[in-house]
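Inspection log for the structure reproduced underneath, given as structure tokens.
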Amino acid sequence: MFESILVSLLLIPVVGALIVFLIPSRKTTLIKQTSLIATMLTFFLSLLLWLEFDNSTSKFQFVKTFPWIYASNIDISLGVDGISLFFILLTTFLIPLCILTSWESVKNYVKEYMICFLVLETILIAVFSVLDLILFYVFFEAVLIPMFLLIGVWGSRERKIYAAYLLFLYTLLGSLFMLVAILMIYFQTGTTDVQILMSASFSEERQRLLWLAFFASFAVKIPMVPFHIWLPEAHVEAPTAGSVLLAGILLKLGGYGFLRFSIPMFPEATAYFTPLVFTMSVIAIIYTSLTTLRQTDLKRIIAYSSVAHMNFVTLGLFSGNLQGIEGSILLMLSHGVVSSALFLCIGVLYDRHKTRMLKYYSGMVQMMPIFGIIFLLFTMANISLPGTSSFVGEFLVLVGAFQSNTSVAFLATTGIILGAAYSLWLYNRVAFGNLKIEHIHEFSDVTRREFAVFVPFIFLALYMGIYPEVFLDPMHVSVANLLVK
């Protein structure tokens, strides 16, 4: 009964997009409702995927295979394990909330906007569920097309075209190296099936070459310094829902790629290049945290803090132990919730006052008390306050990093101190002080729709922090199996 669940997850958004395409453009409310229903159905189906998931095996589950290019031994193969399960859930969780976020703010090309989100959902679910290298590359790159349109067409400022091209060209250029590596693997092994390639052996020199090619692609997506230039621009120019997707899901593609391919397929090369990754990660954590302190644009502040958090993730991924890797997965999930919610908070302010410049905001808690409480909660989660989702992930990452390299763990901890500094500084500037009524005259607290969007984020941020075992249990066996290889 449940074998076709992944196929259904891929098809529902596509069918939703086709129905939206057939609806006349003037019926904007019907278009939004249809899109929301399609994404909600996908989310509930993904919950069923979680409920039916067997925590006791490291094998891929719900596997479905279709012949594709018979002569070249390439099939369309789908499946999930404890690593990919929660990335699919994160995708299906965020997309309907993105549509709700855009309910009032998007006025132009509503049909095309909704189609972009529905298509993007299918592509992202495919990225996390395909078990073929060629297909992974196709969907990994296909993500860029709807994101390019979301930023270039519905972006908020005059530099949106520049930001869209920067995102597209940066990530495309990095991925070309991965395509060459995939071809090398195919010509050596005669297959691109991930399940077969997990037991394939490559010489140490070949491993290092392939690892670097994959690294060029994944390091841009995470992003690691100095490949991070595209991210602040893309975040600043994207619509609020676009920023939520960028922070919530797209930044996770690089981490997922390391977990799925680089670490299990090239273990000797991973061990060889771990000092390089540690060095780059520590530099990125400290550099981007210091850079965040001098930003004046609200979105840019959250964007740079995202770079710092994602480089904590790379520390955990390459720590070579269970705590570090599980902590990095949990931190990615937490970042997908907390950072997305912070971008929604910035979106609430921007929708009302049409500016994201920090200097115009002060004393907002006096006129927007509910917003002030929500913003405080996610600010605390962003600095990994115990009891919030980020604390568990960062703690496990630091435990894993400490076991691997104490100096790296010590230097990375400075990022937590700097993170607290820029997060509290931001909240203090926005929430407290005197109102600047010469710049902002009208005030209104969060609406019922906006509050309804925040509630799932609040629940997850607290639930993951209080009872993380629910999220850790399904990944134990898959991560342990990763380390055996």
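The values are calculated or read from the model by the stated rules, or taken from the named source; none is laboratory data. Since the model is a prediction, treat every value here as computed from it, not as a measurement. When we count neighbours, we look across all protein chains shown, and the Cβ atoms used for this are built from the backbone with ideal geometry, even at glycine. Heavy atoms of the whole protein, side chains included, go into the accessibility calculation; ligands, DNA and RNA do not. Shrake-Rupley method; radii C 1.70, N 1.55, O 1.52, S 1.80 Å.
Values as computed for the structure displayed
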read-out: Dipole axis of the stretch 225-307 (+1 Lys, Arg; -1 Asp, Glu on Cβ), positive-most option in Pro226, Ala247, Leu276; value: Ala247
read-out: Added length on full extension, which subtracts the Cα-Cα distance from 0.36 nm per residue, Trp68 to Val470; value: 141.0 nm
read-out: Mean ellipticity per residue at 222 nm, deg cm²/dmol - from DSSP H runs of n ≥ 4 across the chain, formula -39500 (n - 2.57); value: -24000 deg cm²/dmol
read-out: The stretch 203-340: C-alpha gyration tensor shape, a/c 1.5 cut-off, then a/b vs b/c; value: prolate
read-out: DSSP-loop trypsin sites (Lys or Arg not before Pro) across the stretch 133-186, with at most 12 other Cβ within 10 angstrom; value: Arg157
read-out: Per DSSP, loop chymotrypsin sites (Phe, Trp or Tyr not before Pro) in the stretch 412-485 with at most 15 further Cβ within 10 Å; value: Phe432, Phe443
read-out: Per residue, in Å², the accessible surface of the chain once ligands and nucleic acids are set aside, probe 1.4 Å; value: 38 Å²
read-out: Sequence ranges 413-419, 9-15, ranked by mean other-Cβ count within 10 angstrom, highest first; value: 9-15, 413-419
read-out: Amide H partners (placed H, <5 Å) of Ser77, local residues excluded; value: Phe66, Leu131, Asp132
read-out: Rounded if a/c under 1.5, otherwise prolate or oblate - the stretch 332-458, Cα gyration tensor axes; value: prolate
read-out: In sequence order, calculated HN-Hα J values of the stretch 227-235 (Karplus, 6.51, -1.76, 1.60; Hz; x Gly/Pro); value: 8, 9, 4, 5, 5, x, 4, 5, 5
read-out: Positive-end extreme of charge dipole, the chain - chosen from Leu349, Ser129, Ser175 (charges on Cβ); value: Leu349
read-out: Loop-exposed GluC sites (Glu not before Pro) per DSSP, neighbour cap 13 Cβ within 10 angstrom, longest uninterrupted part of the chain; value: 159-437
read-out: Carbon plus sulfur fraction of accessible area for the stretch 146-289, probe 1.4 Å, in percent; value: 69 percent
read-out: Global size of the chain as Cα Rg and Dmax, reported in angstrom; value: 21.5, 71
read-out: Fraction of accessible area attributable to carbon and sulfur, the stretch 342-416 (%, probe 1.4 Å); value: 72 percent
read-out: Backbone HN-Hα couplings from phi across the stretch 44-51 [Karplus 6.51/-1.76/1.60, Hz, Gly and Pro as x]; value: 5, 5, 5, 5, 5, 4, 5, 5
read-out: Within the stretch 328-379, trypsin sites (Lys or Arg not before Pro) in DSSP loop having at most 16 other beta-carbon neighbours inside 10 Å; value: Lys354
read-out: Subset of Lys64/Lys111; Lys354/Lys436; Lys107/Lys252; Lys299/Lys354; Lys252/Lys299 violating a 23 Å alpha-carbon distance limit; value: Lys64/Lys111; Lys107/Lys252
read-out: Cβ crowding within 10 Å averaged over residues, with 178-191, 284-297 ranked highest first; value: 284-297, 178-191
read-out: Over the chain, relative contact order from alpha-carbon pairs under 8 Å, at least 6 apart, %; value: 15 percent
read-out: Cα shape, the stretch 40-199, gyration tensor, a/c 1.5 rule; value: oblate
